[in-house]
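Single-structure report; data block below.
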Ligand SMILES: [Zn+2]
């Protein structure tokens, strides 16, 4: 259950799961990987969101971000 319909318990569970996921991420040295929050589609307001560590994806390094941005601006110029 998502958003403003989530109960206090749902929000607390979501927060707890986020913290749990963050500590797993640190413990297993997965900080290069992004975390995705998933929200259940059920109608239980006590049902919080969960978090997945996407080990098949990497957060770009600062250098890679620069490169992605440069490429993005180049593509934009080409198309305008
Ligand atoms: Zn649910």
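Here the spin labels are modelled as points 7 Å beyond Cα on the Cα-Cβ line, and at residue 50 and residue 80 they lie 4.4 nm apart. To the nearest 0.05, what FRET efficiency results for residue 7 and residue 64 with a Förster distance of 41 Å applied to their C-beta separation? The calculated FRET efficiency here is 0.55.
By the count of other C-beta atoms within 10 Å, a proxy for reagent exposure, 14, 31 are ordered fewest to most as 31, 14. For the options 62, 13, 52, a Gaussian network treatment of the chain with springs between C-alpha atoms closer than 10 Å singles out 62 as fluctuating the most.
Considering helices alone, the calculated mean residue ellipticity of the chain at 222 nm is -16000 deg cm²/dmol, with DSSP H runs of length four and up weighted by -39500 (n - 2.57) and normalised per residue. As a ratio to 2.2 N^0.38 Å, the alpha-carbon radius of gyration for the chain is 1.52. Per residue, the average separation of C-alpha pairs within less than 8 Å and at least 6 apart gives the chain a relative contact order of 36 percent. As a calculated quantity, the FRET efficiency between residue 32 and residue 71 at R0 = 25 Å, using C-beta atoms, amounts to about 0.75.
FYI, it's all coordinate maths here, none of it is from the lab. Here the structure is a predicted model, which is why all the values come from computation and not from measurement. Don't worry about glycine lacking a Cβ; one is built from the backbone with ideal geometry, like all the others, and counts go over all protein chains shown.
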